[in-house]
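Below is one structure, written out as structure tokens; comments come after it.
The values are calculated or read from the model by the stated rules, or taken from the named source; none is laboratory data. As the structure is a computational prediction, the values presented were derived from the model and not from experiment. Positions of Cβ are backbone-derived with ideal geometry, glycine not excepted, and every protein chain shown enters the neighbour counts.
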Amino acid sequence: MTIKEKIETYIGIFDDKDTLNLWLVEAVTRFIQMCPVHKLFSIEQKLSASITDKPISLTDKRLLRCDLEDGLEAPIVDPRLLNRVTDPNSIYYATKFSPVSIINHNQIIVYPNGFAYVVPFPVSLNCLATTIPGFIPEYESGIIFYVSIKGLLKIIGNNMTLNSPDYSMIIKPDAPIVPSFVYTTAELATYTNAIVNSVEGAPVYEPPTFDSTNFTITGLIDATEDTELASVQLNKLGHQLNKFQEDIQNKLNLFNGQFNTYQSELTRTIENARLLQQELLAKADKETDLHLQNNIKILEKQIDQYKMLLEKYQSEVTSYQIEMTTMTQSYYYDVQNYAIRNKNYYELLVTLKSELQEFMMYNFGTEPPKQVKE
């Protein structure tokens, strides 16, 4: 099994191999820096660090110890003694019986001659490999925990935002305008206007808002350093999401209630138009004045056209209500899934932190290295 596959057993598929490789380098470097010296003897490198040799740079290495060929330790002394350790007349003069090491400008030399034992930090690592070269195999699980935590934090960071639905995609239909009816008498005009009313615009759904800014990656790292704090964070997020779901449902119920009232008013307006048609037709049949009779029929056709516009509009607003309700219900379940997903992320993160802490305490007697915040 590759290193990547071992990490994915904890956090799921993670396709960014380059990032995993960088995290592996970071993890191995930090573990080498923290690891007790005697734990690193199996992977140390012995480098000649005599006066005649080129000074050894410690920029990319951890120095474990310095000694002579016979094993006599060459302790590190103050670099200000550099001139004295090479002066035969000085009490600090270094000999094969009293060797010393000096680190100057992050470079080390053993006086009069000797060796430096170092563990190089990795320059690059490949997550597709099955082992970590140049590292202690029995400590690989700690590296897996560390990188898994980094990967999980990345996944959470990519999923922290709770996107709101785009209600602008649903176009609310415009109510038809009452036409300028043809009247022949003031009585007919008053009669028509009293029955056929103008239609106001349909209600608009106003969604609640949710602020997830309190749940950042920094907050996650801080919380998971303390399981009690993590529990508080979990509960806080859960309560806010539950409240948000209630707000969504309440707003939707309010919208549908207003819309049902609106639909009833619209249906009554359509029915009034239909009744007015019937009355106008009956009035036209009884009318003896042909001019007035023709104008009544023209008015009846206008009423009929307006009624058809209202019926078409009623169909459109019904579709509008269905679309708004469908999108809102879908968002409701998105919020629910968001809550479940983030709860699972938090719990997994706490578990991985606990595993890493137990590993570090058992093997090194120390706390885990702090995560580098992205």
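Looking at the range 11-40 only, could you name the residues that are in a loop (DSSP other than H, G, I, E, B), within 31 Å of the chain's Cα centre (by Cα) and surrounded by fewer than 16 Cβ atoms within 10 Å (Cβ to Cβ)?
Scanning the range 11-40 gives Gly12, Ile13, Asp15, Asp16.
Looking only at residues in the range 92-104 that are surrounded by 18 or more Cβ atoms within 10 Å (Cβ to Cβ) and β-branched (Val, Ile, Thr), which one is nearest to Gly71 (Cα to Cα)? Even if it seems obvious, please write down each step before you answer.
Of the residues in the range 92-104, the ones surrounded by 18 or more Cβ atoms within 10 Å (Cβ to Cβ) are 94, 99-103.
Filter once more, so that each one left must be β-branched (Val, Ile, Thr): 100, 102-103.
Numbers: Val100: 13, Ile102: 18, Ile103: 20 Å.
Out of the qualifying residues, it is Val100.
Hey, among the residues in the range 62-78 that are assigned to a strand (DSSP E or B) and hydrophobic (A, V, I, L, M, F, W, C), which one's farthest from Ser42 (Cα to Cα)?
To start, the set of residues in the range 62-78 that are assigned to a strand (DSSP E or B) comprises 62-67, 73, 76-77.
Among the residues that remain, those that are also hydrophobic (A, V, I, L, M, F, W, C) are: 63-64, 66, 76-77.
Working: Leu63: 14, Leu64: 12, Cys66: 16, Ile76: 22, Val77: 26 Å.
Only one residue tops the list, namely Val77.
Can you tell me which residues in the range 105-115 are out of contact with any Ser or Thr (no Cβ under 6 Å at 6 or more places or on another chain), buried (at least 16 other Cβ atoms within 10 Å of the Cβ) and part of a loop (DSSP other than H, G, I, E, B)?
The answer is Pro112, Gly114.
Count, please, the residues in the range 79-104 that happen to be in a loop (DSSP other than H, G, I, E, B) and either closer than 30 Å to Thr2 by Cβ or in contact (Cβ under 8 Å) with a residue 24 or more places away in the chain (or both).
Counting residues in the range 79-104 that are in a loop (DSSP other than H, G, I, E, B) and either closer than 30 Å to Thr2 by Cβ or in contact (Cβ under 8 Å) with a residue 24 or more places away in the chain (or both) gives 4.
Mind counting the residues in the range 55-91 that are hydroxyl-bearing (Ser, Thr, Tyr), over 26 Å from Met34 (Cα atoms) and exposed (fewer than 12 other Cβ atoms within 10 Å of the Cβ)?
Counting residues in the range 55-91 that are hydroxyl-bearing (Ser, Thr, Tyr), over 26 Å from Met34 (Cα atoms) and exposed (fewer than 12 other Cβ atoms within 10 Å of the Cβ) gives 0.
Taking only pairs six or more apart or across chains, which ones have beta-carbon atoms under 7 Å, a first residue in the range 350-372 that is crowded, with 17+ Cβ neighbours inside 10 Å, and a second residue that is of a type in the set (Ser, Thr, Tyr) and modelled with pLDDT under 85?
Cβ pairs passing all conditions: Val350/Thr224; Val350/Thr227; Lys353/Thr224; Met360/Thr366.
Name the single residue that is farthest from Gly114 (Cα to Cα) among those in the range 72-101 being out of contact with any Asp or Glu (no Cβ under 6 Å at 6 or more places or on another chain) and charged (D, E, K, R).
Per the criteria, the residue is Arg80.
Would you check if Leu237 is buried (at least 16 other Cβ atoms within 10 Å of the Cβ), in a helix (DSSP H, G or I) and among the aliphatic types (A, V, I, L, M)?
So Leu237 fits the description; yes.
Please count how many residues of the range 319-334 are buried (at least 17 other Cβ atoms within 10 Å of the Cβ) and over 15 Å from Lys251 (Cα atoms).
1
Determine whether Ile51 is among the aliphatic types (A, V, I, L, M) and either closer than 24 Å to Lys154 by Cα or buried (at least 16 other Cβ atoms within 10 Å of the Cβ) (or both).
Spelling it out, it is not the case that Ile51 is among the aliphatic types (A, V, I, L, M) and either closer than 24 Å to Lys154 by Cα or buried (at least 16 other Cβ atoms within 10 Å of the Cβ) (or both).
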